[in-house]
1. Sort 115-121, 134-140 for me by packing, meaning the mean count of neighbouring Cβ atoms within 10 Å per residue, highest on top.
2. How would you classify the stretch 24-143 from its alpha-carbon gyration tensor, with a ≥ b ≥ c the square roots of the eigenvalues: rounded for a/c under 1.5, else prolate if a/b is greater than b/c, otherwise oblate?
3. Per the helix-only calculation at 222 nm, which mean residue ellipticity applies to the chain, given -39500 (n - 2.57) for every DSSP H run of n ≥ 4 and division by its residues, nearest 500 deg cm²/dmol?
4. Looking at the chain as a GNM with Cα springs under 10 Å, which of ASP73, ASP38, ASP101 has the largest mean-square fluctuation?
5. For the chain, what proportion of DSSP beta bridges, expressed in % and rounded to the nearest 5, is antiparallel?
6. Would you list, by chain and number, the lysines whose Cα falls below 24 Å from the Cα of LYS139, excluding same-chain residues fewer than 8 positions away?
7. Would you mind putting 87-100, 190-203 in packing order, based on average other-beta-carbon counts within 10 Å, highest first?
8. Leaving out ligands and nucleic acids, and using a 1.4 Å probe, what accessible area per residue does the stretch 80-236 come to in Å²?
Amino acid sequence: MKGQEWYQESDVAESYEDKRFSGGGRFIDRREKEAVLDALGPVEDKRVLEVACGTGRFTVMLADRGADIVGMDISEAMLEQGRRKARSVGVDGSLSFMQGDAGRLPFPDNHFDSVFAMRFFHLAPDPEGFIAEMRRVAKGQVFFDTFKRYSARSTYNWALPMGSRLYSEREAMELIVGAGLELAEADHDFVLPYGFYRAIPRWVARPFRAADTAIRGTEIGDRIATVSYWNARVPE
């Protein structure tokens, strides 16, 4: 089963985090959260929208830091996992989860200080339309990640349950500029693809991640990285 039907299955939602962020996958979770926090900066009292929030990993984290945040996703099963997480942390009264279509965001123009989406654009059937909607409802910032076309990610991309769209840096920049945004900062990471980390125990993954981190930010590291983080701003 591929596509939206697979993603919205209850058993997929229930096992989503265990399969991706346990063992060596913890390094992925840590890095993604670091990327979001670095990009958004202080979030207390900031109005934030997370598009394709999934199980609420970032939504709950930012609510715990004082953000006025909405997490939106197409999958009700994923959202229910997020609600459970919010209750367990005690922030269920500080955020909102809602089911919706990222191509038709139910918010007025310039409604949020920041809008972000993680692990979304590799699945997006209409990336130009989706980022245009994110830009429409953002008054300050749009942040998102992409998987890189010319990287080790391409070696197993075909085998993923939902498939995956890969982007060259030029294609990602075309998305940003085409939406009327300006690039503030780009960061690149993970020479070894996510699938490698998820397949091994944390203690085995640790030295590989140390090597990855050592070349992060270098010319060669940026060139062969599998993941890119794009921090864009709305022009004044």
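The values are calculated or read from the model by the stated rules, or taken from the named source; none is laboratory data. Quick caveat: nothing in here was measured; it's all calculated off a predicted structure. Every residue, glycine as well, gets a Cβ built from its backbone with ideal geometry; the counts of neighbours run over all protein chains shown. Please note that ligands, DNA and RNA were not included when accessible areas were found on the heavy atoms of the full protein model with its side chains. Shrake-Rupley method; radii C 1.70, N 1.55, O 1.52, S 1.80 Å.
1. By packing density, highest mean first, the sequence is 115-121, 134-140.
2. Here the stretch 24-143 falls in the rounded category.
3. About -12500 deg cm²/dmol.
4. ASP38
5. That works out to approximately 40 percent antiparallel.
6. LYS33, LYS46
7. The most tightly packed comes first, giving 190-203, 87-100.
8. Accessible area per residue, the stretch 80-236: 48 Å².
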